[in-house]
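Student: Encoded as structure tokens, here's the structure I'll be asking about.
The values are calculated or read from the model by the stated rules, or taken from the named source; none is laboratory data. Since we're looking at a predicted model, the values are computed, not measured. Don't worry about glycine lacking a Cβ; one is built from the backbone with ideal geometry, like all the others, and counts go over all protein chains shown.
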């Protein structure tokens, strides 16, 4: 048998491992295929459809739908309501979950596991059942409403108003916020608080100078997800107000399935503006992160 | 009267006693080490001194003031943690300035003091770096600077060198000792490393199972271990059981006989020796080269002895199987219980 020079030379270790590693890479990529297909079919394609229809008029491409939305006090009110409710419920939800998650790290394991299991369960209670639960507890003739009225604690609270919706939205933000923030708090080293205390910092000074800045990316990320969660919410608000409260999602639904008139292109324009708003918030988040120490 | 006095201090977690009835006194400017194995309670004792853990019983006094129940913020104690505990969102300068900021120190004075301490710990040009951009040794220097800049009454060091590699550890411990001496700072150092304790300390408190088992200078602790535990913990002591001591040296003892490896000499059989040495016939079974020391494992009447011999030249090395006489210095033997 003829032995060539190249076949007798030792093969570099890198060359031996290169092929299987590339193969592994392709195999992993292949396993992602179903995910890509789903994303393509149910996220990117509808997005493309929405963008395309938002600029589609009777006589070709137009920005008329955007002009109509931005020039209409009714649609602007829908944005105002959606943004206010989402913003307030996200901020309040974030604060409550931050305090809750920080406390949860300090309680004993049994209680911690119980609370996490309960939160996991309640995170699945949304939509119509959640609206019904709120109606029987804090609705016009809800148990707590009657009790608080009797005690004189409640005067003009109305579940079907903006403040009622903020309460409802805040509630369904809590499980999501807690599930997102709880693992993020592991980034905090207990020794930082001890070191800060020995340097004269009280509890608040520690959180202000160390805890919150360290958690900033997680807090901002959670805030954006809560905001998106609230802005996109539809079923709960619709079930509670029967579509009588002016929200962007309620407007979009009425334009694509309304029995008065159908205007899918206008609905698409509303959707694009909603997505643009969220994208803007995400961009600001990224910009802030790039300026922080986390980016270094 | 001591500058720092700990009396009758005890701590339990449920039914587990962490430490009990600790009595300890520190002179002003002294460098004291709490030395012991993991879980002996030394770090918890340090935390009680810092106010980070509440003691169950006892009292801690600093300069005559009872600080037992005082908040950490009000104790005037600086601490350096094993894993640095630097604030990751702050630069080196900001980390160091944190304590001064909390004290509401004027900006000009703060800048001056930060610059001074940065120079002391040799971190110039690193002021604007974040902790994750520094090496382990540099991070620990920042932690030290952060603790020093507020001019604490006592400096606590909780195994500050154990996360560092050997070379950095050696150089940093010399710097710590140098800075401590220059500032005359009362310092409590916690370690499980005997070498560190012996190198750095004015006094060592050896702890085991929540109790101080021996207290003394490095020299005393090393050459006169009070108990079998201290002898074992302080290094490669030869510890002979009473039967071995009787068989080898004809001694009637109740406790173990502790003999330091370097106090045993190697000799040729039949050679004369000073009167205070006890000669024992032995055979070399093994040797280890420890740099400037050759450690022989010799067997004498069924008992293995360790002998440390200065490695002067390669010709000194005695091969395995060599018949020798070992000369044990009677003055260096200690009975321990």
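Student: Here are some residues: B:253, B:266. Which one is surrounded by 16 or more Cβ atoms within 10 Å (Cβ to Cβ), touching a residue at least 12 places away in the same chain (Cβ under 8 Å) and part of a loop (DSSP other than H, G, I, E, B)?
Tutor: B:253
Student: Separate question: Just to confirm my filter: which helices (runs of 4 or more DSSP H) fall fully inside the stretch A:181-266 and include at least 1 residues that are in contact with a strand residue (DSSP E or B) (Cβ under 9 Å, 6 or more places away or on another chain) and surrounded by fewer than 20 Cβ atoms within 10 Å (Cβ to Cβ)?
Tutor: Once the helices (runs of 4 or more DSSP H) in the stretch A:181-266 are filtered for at least 1 residues that are in contact with a strand residue (DSSP E or B) (Cβ under 9 Å, 6 or more places away or on another chain) and surrounded by fewer than 20 Cβ atoms within 10 Å (Cβ to Cβ), nothing remains.
Student: When you check residue B:45 against the structure, is it under 30 Å from residue B:214 (Cα atoms), at pLDDT 95 or above and away from every other protein chain (no Cβ under 14 Å), yes or no?
Tutor: The answer is yes for residue B:45.
Student: If you don't mind, another one. When you scan the stretch B:218-231, do you find a residue that is within 13 Å of the chain's Cα centre (by Cα) and surrounded by fewer than 17 Cβ atoms within 10 Å (Cβ to Cβ), even just one?
Tutor: Yes, the stretch B:218-231 has at least one match.
Let's see how each residue does on (1) within 30 Å of residue B:17 (Cβ to Cβ); (2) touching a helix residue (DSSP H, G or I) at 6+ places or on another chain (Cβ under 9 Å):
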{"site": "B:200", "(1), (2)": "yes, yes"}
{"site": "B:229", "(1), (2)": "yes, no"}
{"site": "B:237", "(1), (2)": "yes, yes"}
{"site": "B:306", "(1), (2)": "no, yes"}
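Student: Moving on. Give the number of residues within the stretch B:50-89 that are closer than 19 Å to residue B:18 by Cβ, away from every other protein chain (no Cβ under 11 Å) and not in a loop (DSSP other than H, G, I, E, B).
Tutor: Of the residues in that region, 4 qualify.
Student: When residue B:5 is evaluated against the numbered criteria (1) away from chain A (no Cβ under 14 Å); (2) under 18 Å from the mean Cα position of the chain (by Cα), which criterion, by number, is the only one it fails?
Tutor: (2)
Student: Condition first: buried (at least 18 other Cβ atoms within 10 Å of the Cβ) and at the interface with chain A (Cβ under 9 Å from one of its Cβ atoms). Can you find one or more residues in the stretch B:106-129 that meet it?
Tutor: So far as the stretch B:106-129 goes, no, none of its residues is buried (at least 18 other Cβ atoms within 10 Å of the Cβ) and at the interface with chain A (Cβ under 9 Å from one of its Cβ atoms).
Student: State whether the residues of the stretch B:137-144 include one that is part of a loop (DSSP other than H, G, I, E, B) and within 14 Å of another protein chain (Cβ to nearest Cβ).
Tutor: The answer is no; no qualifying residue exists.
Student: If you don't mind, there's one more thing I want to ask. Looking only at the stretch A:235-249, which residues are in contact with a helix residue (DSSP H, G or I) (Cβ under 6 Å, 6 or more places away or on another chain) and either at pLDDT 90 or above or over 17 Å from residue A:128 (Cα atoms) (or both)?
Tutor: A:246, A:247, A:248
Student: Okay, next question. Can you work out which of the residues in the stretch B:328-337 that are in contact with a helix residue (DSSP H, G or I) (Cβ under 6 Å, 6 or more places away or on another chain) and assigned to a strand (DSSP E or B) is surrounded by the most Cβ atoms within 10 Å (Cβ to Cβ)?
Tutor: B:336
Student: Only one residue in B:73, B:57 is within 24 Å of residue A:205 (Cβ to Cβ) and without any contact (Cβ under 8 Å) to a residue 60 or more places away in the chain. Which one?
Tutor: Unique residue meeting the criteria: B:73.
Student: Let me ask something else. Of the residues B:275, B:258, B:325, which single one is over 30 Å from residue B:205 (Cβ atoms) and part of a strand (DSSP E or B)?
Tutor: B:325
Student: Among the residues that make up the stretch A:103-119, is at least one of them assigned to a helix (DSSP H, G or I) and under 27 Å from residue A:255 (Cα atoms)?
Tutor: Within the stretch A:103-119 (the criterion being assigned to a helix (DSSP H, G or I) and under 27 Å from residue A:255 (Cα atoms)), the answer is no, since none of the residues qualifies.
Student: Here's another thing I want to ask about it. Spot the failing condition for residue A:158; the list is (1) surrounded by fewer than 18 Cβ atoms within 10 Å (Cβ to Cβ); (2) touching a helix residue (DSSP H, G or I) at 6+ places or on another chain (Cβ under 8 Å); (3) within 14 Å of another protein chain (Cβ to nearest Cβ), and only one is missed.
Tutor: Here residue A:158 clears every test but (3).
Student: Out of the residues in the stretch A:204-223 that are more than 21 Å from the chain's Cα centre (by Cα) and more than 10 Å from every other protein chain (Cβ to nearest Cβ), which is nearest to residue B:85 (Cα to Cα)?
Tutor: Only one residue tops the list, namely A:207.
Student: Where residues in the stretch B:96-105 are in contact (Cβ under 8 Å) with a residue 40 or more places away in the chain and more than 9 Å from every other protein chain (Cβ to nearest Cβ), which of them is surrounded by the most Cβ atoms within 10 Å (Cβ to Cβ)?
Tutor: Within the stretch B:96-105, the match that is surrounded by the most Cβ atoms within 10 Å (Cβ to Cβ) is B:96.
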